[in-house]
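Below is one structure, written out as structure tokens; comments come after it.
The values are calculated or read from the model by the stated rules, or taken from the named source; none is laboratory data. A quick note: this is a predicted structure, and the numbers were derived from the prediction, not measured. Here the Cβ positions follow ideal geometry from the backbone for every residue, glycine too, while neighbour counts run over all protein chains shown. SASA here: full protein model, heavy atoms, side chains in, ligands and nucleic acids out. Shrake-Rupley method; radii C 1.70, N 1.55, O 1.52, S 1.80 Å.
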Amino acid sequence: MPRAPRRPSDEARRGAYKPRVDFSRSRRRREDGLLALRRLDRDAGLFKRRRDESAPAVHATDPAPPPSEEAPPAASALPPPTPSLPPDAAAPRDAAESELEGLSELVDKVCSDDSTSQLEATVQFRKLLSDEKNSTVIKIIRADVLPRFAEFLSIHGLPQLQLEAAWVLTNIAASDYTLLVAECGAVPRLVELLGSSNVNIRHQAIWCLGNIAADLPSCRDILFDHGVVTPLLSQFREGMKIPVLRTAMWALSNLCFGKLPAEVQVKPIVEIVSQLIHSADEKILADACWTIYYICGGVDDATQDVLDAGVCPQLVNLLMHVSASVLLPVILALARISAGTDAQIQVLIENGILNYLAQLLARSCPKNIKKQACLIISNIAAGSKDQIQAVIDASIISPLVVLLKTSETDIKKEAAWALSNAASGASSEQIQYLVSRGCLEPLCNVLTYQDPDLLYTCLEGLENILQEGEAGKKGEESGTNPYAQFIQECGGLDKLEDLQDVKSDRIYELVIKLLQSYWDEEVSESDDPNVPGSNDSADTVETTSEDAAQAQPPEPASAADENE
């Protein structure tokens with residue numbers, strides 16, 4: 001049974017008395033992990049997008065558009081698979097290679113004063129960039145023509161040239177050389193083109209700015225320095241074509257990714273997004289939800305601005321959306337809101353989020369969705385007793401116990417946080433409910449986890465349960481704490497003993513406090529060197545076995561838990 005504490009017991013007792021649960025600590029943001037998740041799921045073409053379809057004619061009198069090329073729709077999230085080419089398809093590629101070899105001739109045309117030659121060469125550069133090869137991009141960059149394309153953006157009398165130049169810059173900005181586009185003088189001209197009367201030019205300018213915003217923070221800061229927010233928000237107007245609206249929403253989401261400068265006004269952005277989260281278009285809807293998620297983490301106190309805009313009811317309703325591409329940003333945004341104050345969390349509860357989360361836990365959802373659902377529940381359970389009661393009333397405890405017993409490691413950890421937080425702040429009646437749903441044994445299993453914060457919170461929960469067990473001793477004929485007895489029988493006491501080797505002082509002190517408070521007789525015997533046989537582990541085990549045989553069994557788990 002418990003080994004003698006390796007530190008003075010008086011010191012351990014003094015240090016073990018804790019303040020009440022630190023809700024701000026229990027409610028964890030862990031932004032790095034969430035951002036890593038976003039990058040994992042959206043890096044493949046969504047941060048940056050190339051444009052490969054044919055150019056629209058800008059004016060009836062303008063030169064004819066170039067031939068159509070294989071491409072996705074305008075707002076396609078991912079580049080399509082390369083189609084199999086017939087044997088004679090090598091000819092256009094050979095032509096492109098020969099044009100690349102004759103790059104100096106194209107450079108001469110771009111640098112000439114003849115508008116026809118300028119347009120012809122710019123179209124050829126755009127075609128060369130359609131092969132997505134970095135080697136092609138590098139050769140074009142080394143030709144030092146980017147500033148020239150930036151100049152073409154300001155020639156308002158030649159809209160087709162403006163469009164083609166913006167297109168070339170868009171595809172270069174979709175490569176690894178975005179910073180060169182941001183620094184070649186193109187940004188102020190692209191921002192100016194957002195006010196163009198031609199929808200195709202505006203669309204291309206938005207696309208290029210979206211690619212720049214998706215790169216390094218320094219690139220995005222250049223956009224902010226040139227006042228991109230207001231003209232970009234002006235694109236969201238009635239009658240806007242769906243492809244343009246998709247691109248604008250995607251560009252806005254990229255612009256809001258990461259920590260926003262203090263001078264950026266969030267409220268106008270939130271007002272636009274609060275309307276677009278009702279869109280029937282899945283791509284617009286997903287990027288609108290990503291934008292909410294970014295804003296909640298990118299600006300201090302922005303969560304309240306988001307809630308004030310009235311987005312919460314729709315966000316909660318979107319938890320039932322059939323598309324995982326929408327559901328992921330929705331649940332991540334709600335997870336960030338749930339990391340806020342008790343008042344902000346109460347808004348989520350009042351909009352019925354717990355009932356939706358209970359349905360998600362019961363459904364066959366991707367692992368990251370269930371993980372975030374458990375995280376939201378854990379943040380709610382770290383709140384007041386009324387909020388813990390809301391979790392109980394939503395019948396979520398039993399599914400959490402099942403997940404903690406049977407799920408993958410990541411989900412188990414989040415379910416452990418949820419049950420630990422609930423047990424830490426629960427009232428007497430709530431503790432009885434938690435134990436009746438079979439949470440005590442899985443909580444004991446959490447004692448083997450390596451996360452110090454989770455371990456400490458779990459120990460706080462067990463302490464709260466054991467305190468309630470002391471009050472229940474009056475109803476036990478043996479006068480024993482039924483919860484302490486059950487912890488001992490399910491192996492939790494052995495795990496507590498093992499934690500005496502932990503490096504964390506606060507965990508060690510709380511462990512010693514629990515051992516001395518609820519298994520006092522065994523600890524006292526082993527702690528006193530004057531007691532004969534105090535180091536005889538066989539005697540200790542024998543005594544404990546007799547005590548356990550006399551103890552009454554704990555309250556049985558529910559039928560659902562027994563089936564599990």
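On full extension of the chain, what length is gained from Asp501 through Lys259, given 0.36 nm per residue of separation minus the C-alpha to C-alpha distance? Walk me through the numbers before you get to the answer.
Working: separation 242, 0.36 × 242 = 87.12 nm, distance 4.05 nm.
Roughly 83.1 nm would be gained on extension.
On a 1.4 Å probe surface of the protein chains, which of Met320, Met240 comes out largest in accessible area, and what is the full order?
Values: Met320 60, Met240 35 Å².
Greatest to least solvent exposure: Met320, Met240.
Which listed residue (Val511, Cys490, Gly438) has the Cα farthest towards the positive end of the charge dipole for region 384-519, taking +1 on Lys and Arg C-beta and -1 on Asp and Glu C-beta about the Cα centre?
So the residue furthest toward the plus end is Gly438.
Please go through region 224-276 and write out the chymotrypsin sites (Phe, Trp or Tyr not before Pro) that DSSP classes as loop and that have at most 15 other C-beta atoms within 10 Å.
When the chymotrypsin sites (Phe, Trp or Tyr not before Pro) of region 224-276 are filtered for loop state and at most 15 Cβ neighbours within 10 Å, nothing remains.
Tell me which lysines have Cα within less than 20 Å of Lys473's Cα, excluding those fewer than 8 residues away on the same chain?
Those lysines meeting the cut-off are Lys513.
Heads up, I need the accessible area for Ser234: 1.4 angstrom probe, whole protein in place, Å², nearest 10.
Near enough 50 Å² of accessible area.
Computing the accessible area with a 1.4 Å probe over protein heavy atoms, can you report the carbon and sulfur percentage for region 384-519?
Values: 2110 of 4870 Å².
Carbon-and-sulfur percentage of accessible area, whole number: 43.
Set the Förster distance to 35 Å, then compute FRET efficiency between Ser154 and Glu282 from the Cβ-Cβ distance, nearest 0.05.
Working: r = 37 Å, r/R0 = 1.05.
Efficiency, from the Cβ-Cβ distance: 0.45.
How would Asp287, Asp342, Asp176, Asp505 line up by accessible area, probe 1.4 Å, largest first?
Reading off the accessible areas and sorting them downward yields Asp176, Asp505, Asp342, Asp287.
Among the lysines, which have Cα under 19 Å from the Cα of Lys413 when same-chain residues fewer than 8 positions away are ignored?
Once the sequence-local lysines are set aside, what remains near Lys413 is Lys367, Lys370, Lys371, Lys405, Lys495.
Compute the accessible area per residue over region 172-280, keeping the other protein chains in place, probe 1.4 Å, unit Å².
Each residue of region 172-280 exposes 40 Å² on average to a 1.4 Å probe.
Straight-line reach from Lys133: which lysines fall under 29 Å, measuring Cα to Cα and dropping same-chain residues less than 8 apart?
Within reach: Lys48, Lys109, Lys283.
Quick one: net charge around Gln265, please, counting Lys, Arg +1 and Asp, Glu -1 for every other residue with C-beta under 11 Å from its C-beta.
Neighbourhood net charge equals -2.
At Lys133 and Ser218, where each label point lies 7 Å from the Cα along Cα→Cβ, what is the point-to-point distance in nanometres?
2.9
Quick one: net charge of Gln275's neighbours, Cβ under 12 Å, K/R +1, D/E -1?
Overall, the nearby charge balance is -1.
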